[in-house]
Amino acid sequence: AAPKRPPVASLAEKLAAIEAEGLEAGKRQLDLSDEQLGDEGAARLVKGLAGNTGLRRLLLQRARLTKPGFEVVGQLLYDGGRAAKRRSKAEANQAIGGKASDEDLAGGSSDRLEQLVLSGNDCGEHGLRGPFCEGLAESVNLRSLLLASCSLGDAGVAVLCEVVGLRESGDHPGCFLETLDLSHNCLGPAATWSLAKALGCNQHLRTLDIKANELGMEGAAGVAECIRANKGRLQNFIVSQCGLQLEGVRTVVERFRLPVHVIVQINRPRGHSAGISLDAEMRVMGVHPNGLMDRWNNANPSEAVFIRDKVIRVNQMTEPSDMLEELSAVEHIELEILRPGAGMAYIDLCHNSVPLAGLEELRHDLGRPNATRMT
């Protein structure tokens, strides 16, 4: 006879074991989706993970969390981020022969967590404010955050975007998220403008899902601005089932097909250079630290200039020799920059209330984008 399987532990037994002994060694994923965890259970779970350093994926989908539950999960992110930074600093110190405490080297609070799934919980528009976003801002290893169907609304997304849009600086490394799911969250046009502002600064996000929200034609301009402001860093943008209609889809597609351009405006005092090095083909080879262009980049992250960008116009000049002369002789300078090869790889615009005739019209007027995918 086949050996009997051990009985599946109840949620109460799982939590009691985690509280008493922590998560079993080597366990990389903890899935409590569709369990009746609740806010109290979330607090017990976070307490039990205080000494954990191995967990990579925490799945709490439809776990009956509300605002207090999101707050304690935020505390886990905060403590984990602090622990990861202490460990990194201790390891660097140890590498050069310095001392490092066992406590700092150990880490804790699931400091290596990479994926957090919270979809299907009743966060509400205020649930991310405070501890959750503070924890997200402190996290250095979290790469994927799924918040579908969390009733965030425009206000909740605006709070989240304050973290997603954190700029990399000497005081903060920025937001490291690569995947963000905000689908099914009752978002309106206002949310797209919050996202556009954040995407203009964010350097790491590669996949953004905002499907099944109430954007309508009015939200199409905000979606297009997300694409423009991000300058091709985002690679996958899912905007299906958002009621954009024909004209809204057309607005987004036209923006999607445009090459990535940057417009720079600087004032060059007498005796100063523009602060960039260019090759013979007007490609940017370097941005001088603390120079005029570096200051522009810091003040205007969505319009920042990078190495390998190509200058195609300086004021009214388009010939390389004329552009170089303009850069060295004129005080007020406007540069138009082209970013070759950059651009979003994939955008999903399915099921946006576009009739068949409208779809044929789009195909006829716009054709298919080159070297990109669009559905």
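Please go through segment 276-304 and give me each residue that is open to solvent by 20 Å² or more (accessible area, probe 1.4 Å), in a loop (DSSP other than H, G, I, E, B) and in contact (Cβ under 8 Å) with a residue 40 or more places away in the chain, ordered by number.
ALA280
Residues of segment 80-90 being under 21 Å from GLY135 (Cα atoms) and open to solvent by less than 20 Å² (accessible area, probe 1.4 Å), which ones?
GLY80, GLY81, ALA83, ALA84
Considering each of GLN245, GLN235, GLN241 in turn, give the residue that is open to solvent by 20 Å² or more (accessible area, probe 1.4 Å), in contact with a helix residue (DSSP H, G or I) (Cβ under 9 Å, 6 or more places away or on another chain) and touching a residue at least 60 places away in the same chain (Cβ under 8 Å).
From the options GLN245, GLN235, GLN241, the qualifying one is GLN245.
When you go through ASN93, ASN52 one by one, which is the residue that is surrounded by 20 or more Cβ atoms within 10 Å (Cβ to Cβ) and over 23 Å from GLY127 (Cβ atoms)?
Result: ASN52 is the single residue among ASN93, ASN52 that is surrounded by 20 or more Cβ atoms within 10 Å (Cβ to Cβ) and over 23 Å from GLY127 (Cβ atoms).
If you scan segment 159-192, which residues turn out to be touching a Cys at 6+ places or on another chain (Cβ under 9 Å), of a type outside the set (Val, Ile, Thr) and assigned to a helix (DSSP H, G or I)?
LEU160, GLU162, ALA191
Among (1) within 21 Å of THR207 (Cβ to Cβ); (2) modelled with pLDDT under 95, which single condition is ALA92 missing?
Every condition holds for ALA92 apart from (1).
When segment 316-333 is examined, which residues are found to be open to solvent by less than 70 Å² (accessible area, probe 1.4 Å) and either touching a residue at least 40 places away in the same chain (Cβ under 8 Å) or touching a His at 6+ places or on another chain (Cβ under 8 Å) (or both)?
Result: PRO320, MET323, LEU327, VAL330, ILE333.
Could you check how many residues of segment 237-275 are in contact with a strand residue (DSSP E or B) (Cβ under 8 Å, 6 or more places away or on another chain), at pLDDT below 90 and in a loop (DSSP other than H, G, I, E, B)?
2
From the list LYS211, LYS197, which residue is within 14 Å of GLY165 (Cβ to Cβ) and either at pLDDT 95 or above or in a helix (DSSP H, G or I) (or both)?
LYS197
Which of the helices (runs of 4 or more DSSP H) contained wholly in segment 20-116 include at least 2 residues that are β-branched (Val, Ile, Thr)?
67-95
Open to solvent by less than 40 Å² (accessible area, probe 1.4 Å), in a loop (DSSP other than H, G, I, E, B) and either touching a Gly at 6+ places or on another chain (Cβ under 9 Å) or of a type in the set (Asp, Glu) (or both): is that true of LEU136 in this structure?
So LEU136 fails the test.
I'd like the residue in segment 105-129 that is modelled with pLDDT under 95 and open to solvent by 50 Å² or more (accessible area, probe 1.4 Å) and, out of all such residues, is nearest to LEU45 (Cα to Cα).
ARG112
The values are calculated or read from the model by the stated rules, or taken from the named source; none is laboratory data. Nothing here was measured: the structure is a model prediction, and the numbers come from that model. Positions of Cβ are backbone-derived with ideal geometry, glycine not excepted, and every protein chain shown enters the neighbour counts. We work out accessible area using only protein heavy atoms, side chains counted, and drop any ligands, DNA or RNA first. Shrake-Rupley method; radii C 1.70, N 1.55, O 1.52, S 1.80 Å.
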